[in-house]
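The values are calculated or read from the model by the stated rules, or taken from the named source; none is laboratory data. This structure is a prediction, so every number in the text was calculated from the model and none was measured. Don't worry about glycine lacking a Cβ; one is built from the backbone with ideal geometry, like all the others, and counts go over all protein chains shown. What goes into the accessible areas is simple: the full protein's heavy atoms, side chains included, and nothing from ligands, DNA or RNA. Shrake-Rupley method; radii C 1.70, N 1.55, O 1.52, S 1.80 Å.
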Amino acid sequence: RHRTLARLRAEVEPVDAAALGRFIPNWQGVGRRRRGRDALRAAIAQLEGCPIPASVLESEILPARVEGFKPWDLDALCASGEVVWAGVEPLGANDGRIALYLAEHEALLARPALKVEGELAASIRELLERRGAIFFQEITRQLGGYPQEIAHALWDLVWAGDVTNDTCEALRSYLRGGRPESSGHGRPRSRGWRASPSTAVIPGTEGRWSLRSGRWFEPRTVTERGAALARTLLERYGVVTREAVQSEGVPGG
């Protein structure tokens, strides 16, 4: 009995930082030989809600967890409605932290959206609430005005956590420098246009845009959301520390 108790006590003794550092990558499957969309879905499930710089998502984070990662596999999961990406906050001129969610968990794990001031942002939000997922060209046709200004307001809504897109192509375009900049005369200007024989697309506006909350049909209680967050953090880290929670900026600490 004493030997059994000693063994059990040894299993819950604190370890040093190096042991924890070895444990977490292994727990998250970094370097494990997993391939295909099922492996990608599993990796996303473990990363749900974690703020990740968009600039390293497809170059470092996902390739480290999914062997032979292909960006179009992520697009396919988003287009099918299985996965949702959401803006968390902008970083500099052409980057930002985003979070990935499995669609069935998004309503439970989503951070509260921030309010974006201004009539244009309110008009975009009202249009998406009324029409559902639509292309940028339809947004500009319905609202009128300067497309660059609409694109600017649309990305403000993205970083507020209110609006998303059905693929990651607009996000990639944004990272390449597609977000409109202010001209200094009250009108944003785009850093570039991608032209085709029949149309010109402002980089960062590709795909269909929609309100994230438009898919959340059932209200969730504080208890449900708290329990879901705790489960997600355990699945992500195995051992949850105060520092890990603080690094994610979890509301409430």
Exactly one condition in (1) touching a strand residue (DSSP E or B) at 6+ places or on another chain (Cβ under 7 Å); (2) surrounded by fewer than 20 Cβ atoms within 10 Å (Cβ to Cβ) is not met by LEU157; state its number. (2)
Counted residues, the stretch 52-85 - those being open to solvent by 30 Å² or more (accessible area, probe 1.4 Å) and touching a Phe, Trp or Tyr at 6+ places or on another chain (Cβ under 7 Å): 1
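Please enumerate the residues belonging to the stretch 232-252 that are in a helix (DSSP H, G or I) and surrounded by 14 or more Cβ atoms within 10 Å (Cβ to Cβ). Talk me through it step by step, then tell me what you get.
Initially, the stretch 232-252 is screened for residues in a helix (DSSP H, G or I), giving 232-237, 242-247.
Of everything in the stretch 232-252, those that are in a helix (DSSP H, G or I) and surrounded by 14 or more Cβ atoms within 10 Å (Cβ to Cβ) turn out to be THR232, LEU233, GLU235, ARG236, TYR237, ALA244, VAL245.
Looking at the stretch 36-43, is at least one residue of a type in the set (Lys, Arg), part of a helix (DSSP H, G or I) and in contact with a Gly (Cβ under 9 Å, 6 or more places away or on another chain)?
no
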In the stretch 25-46, anything open to solvent by 60 Å² or more (accessible area, probe 1.4 Å), under 17 Å from LYS70 (Cβ atoms) and touching a residue at least 24 places away in the same chain (Cβ under 8 Å) is listed as ARG33, ARG35, ARG37, ARG41
Looking across the stretch 214-240 at residues that are under 17 Å from the mean Cα position of the chain (by Cα) and modelled with pLDDT of 90 or more, the single one that is nearest to ALA113 (Cα to Cα) is LEU229
Is at least one residue of the stretch 208-220 open to solvent by 80 Å² or more (accessible area, probe 1.4 Å), closer than 29 Å to GLU169 by Cβ and of a type outside the set (A, V, I, L, M, F, W, C)? yes
What are the residues in the stretch 212-241 that are touching a helix residue (DSSP H, G or I) at 6+ places or on another chain (Cβ under 6 Å) and of a type in the set (Lys, Arg), if any? ARG220, ARG225, ARG236
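Test of understanding: among GLY178, GLY145, GLY186, which residue is in contact with a Leu (Cβ under 8 Å, 6 or more places away or on another chain) and at pLDDT below 90?
After ruling out the rest, the residue left standing is GLY145.
Every residue, every condition in (1) of a type outside the set (Phe, Trp, Tyr); (2) under 29 Å from PRO251 (Cβ atoms); (3) surrounded by fewer than 21 Cβ atoms within 10 Å (Cβ to Cβ), yes or no:
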{"position": "GLY87", "(1), (2), (3)": "yes, yes, no"}
{"position": "GLY92", "(1), (2), (3)": "yes, yes, yes"}
{"position": "GLY96", "(1), (2), (3)": "yes, yes, no"}
{"position": "GLY118", "(1), (2), (3)": "yes, yes, yes"}
{"position": "ALA121", "(1), (2), (3)": "yes, yes, yes"}
{"position": "GLU126", "(1), (2), (3)": "yes, yes, yes"}
{"position": "ILE134", "(1), (2), (3)": "yes, no, yes"}
{"position": "ALA153", "(1), (2), (3)": "yes, yes, no"}
Single condition GLY49 does not satisfy, out of (1) in contact with a strand residue (DSSP E or B) (Cβ under 6 Å, 6 or more places away or on another chain); (2) open to solvent by 60 Å² or more (accessible area, probe 1.4 Å); (3) not charged (D, E, K, R): (2)
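State whether one or more residues within the stretch 78-92 are in a strand (DSSP E or B) and among the aromatic types (Phe, Trp, Tyr). Please lay out each step first, then the result.
Of the stretch 78-92, the ones in a strand (DSSP E or B) are 83-91.
In the following step, the residues that additionally are among the aromatic types (Phe, Trp, Tyr) were identified as 85.
The answer is yes, given that some residue of the stretch 78-92 is in a strand (DSSP E or B) and among the aromatic types (Phe, Trp, Tyr).
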